[in-house]
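Read through the structure below, which is laid out as structure tokens, and then see the notes.
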């Protein structure tokens with residue numbers, strides 16, 4: 001079992017749920033997918049890539065439905081977990097601390113919290129109580145590459161993992 005304050009392995013939980021983490025999305029600019037500072041891991045904003053392609057593009061409330069955007073947010077969450085896993089291993093997660101979701105929003109669209117629930121619900125499903133987190137859901141005019149959603153997270157990890 002992982003020494004993450006849980007009596008279970010998060011890798012095992014992913015298997016139970018039938019979830020496979022995707023390959024880490026290649027950065028589209030000058031940054032790295034995740035950075036560790038002490039016992040916190042910060043991911044860069046993750047877009048809804050599937051096999052190197054955007055799941056959807058456009059603004060939510062116009063070209064992209066709220067349900068499609070929620071699915072995209074879940075993919076962003078999976079990509080964030082993949083970035084974390086590649087850096088320190090998912091079994092080191094003690095808690096998901098904070099999630100920030102950015103939603104490319106058409107004029108008048110105010111359903112950002114429901115969209116970002118796609119990522120939040122994923123983290124709750126995988127991590128249970130330690131997946132419940134602080135969160136911001138922010139409507140924006142545009143996102144990189146025309147993505148409808150971008151998600152970043154901060155996770156607490158066990159402190160004795162080498163940096």
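Some observations on this one:
- Pair list, Cβ < 7 Å and 6+ apart or interchain, from the stretch 1-20 residues that are on the phi > 0 side of the Ramachandran plot and in a loop (DSSP other than H, G, I, E, B) to residues that are surrounded by 11 or more Cβ atoms within 10 Å (Cβ to Cβ) and at pLDDT 95 or above: 5/94
- Scanning the stretch 17-48 for residues that are under 22 Å from residue 71 (Cα atoms) and at pLDDT below 95 yields a count of 4.
- For the stretch 109-122, a residue qualifies if it is under 10 Å from the mean Cα position of the chain (by Cα) and either modelled with pLDDT under 95 or over 19 Å from residue 17 (Cα atoms) (or both), and exactly one does: 116.
- Scan of the stretch 88-108 for residues that are under 17 Å from residue 23 (Cβ atoms) and either out of contact with any strand residue (DSSP E or B) (no Cβ under 9 Å at 6 or more places or on another chain) or buried (at least 21 other Cβ atoms within 10 Å of the Cβ) (or both), ordered by number: 90
- Any hit, the stretch 60-79, residues being assigned to a strand (DSSP E or B) and over 22 Å from residue 126 (Cβ atoms): yes
- Top-ranked residue in the stretch 30-62 [being in contact with a helix residue (DSSP H, G or I) (Cβ under 9 Å, 6 or more places away or on another chain) and free of Cβ contacts under 8 Å to residues at least 24 places away in the same chain; ranked as nearest to residue 82 (Cα to Cα)]: 32
- The requirement of being within 23 Å of residue 28 (Cβ to Cβ) and either without any contact (Cβ under 8 Å) to a residue 12 or more places away in the chain or not in a helix (DSSP H, G or I) (or both) is fulfilled nowhere in the stretch 80-95; no residue meets it.
- Taken over the stretch 128-163, the residue count meeting the criterion of being in a helix (DSSP H, G or I), closer than 14 Å to residue 93 by Cβ and out of contact with any strand residue (DSSP E or B) (no Cβ under 6 Å at 6 or more places or on another chain) is 2.
- Complete set of residues in the stretch 101-152 that are under 20 Å from residue 44 (Cα atoms), touching a residue at least 60 places away in the same chain (Cβ under 8 Å) and touching a helix residue (DSSP H, G or I) at 6+ places or on another chain (Cβ under 8 Å): 147, 148, 149, 150, 151, 152
The values are calculated or read from the model by the stated rules, or taken from the named source; none is laboratory data. In this text the structure is predicted, and so the values were computed from the model without any measurement. In this analysis, Cβ positions are derived from the backbone assuming ideal geometry, glycine residues included, and neighbour counts consider all displayed protein chains.
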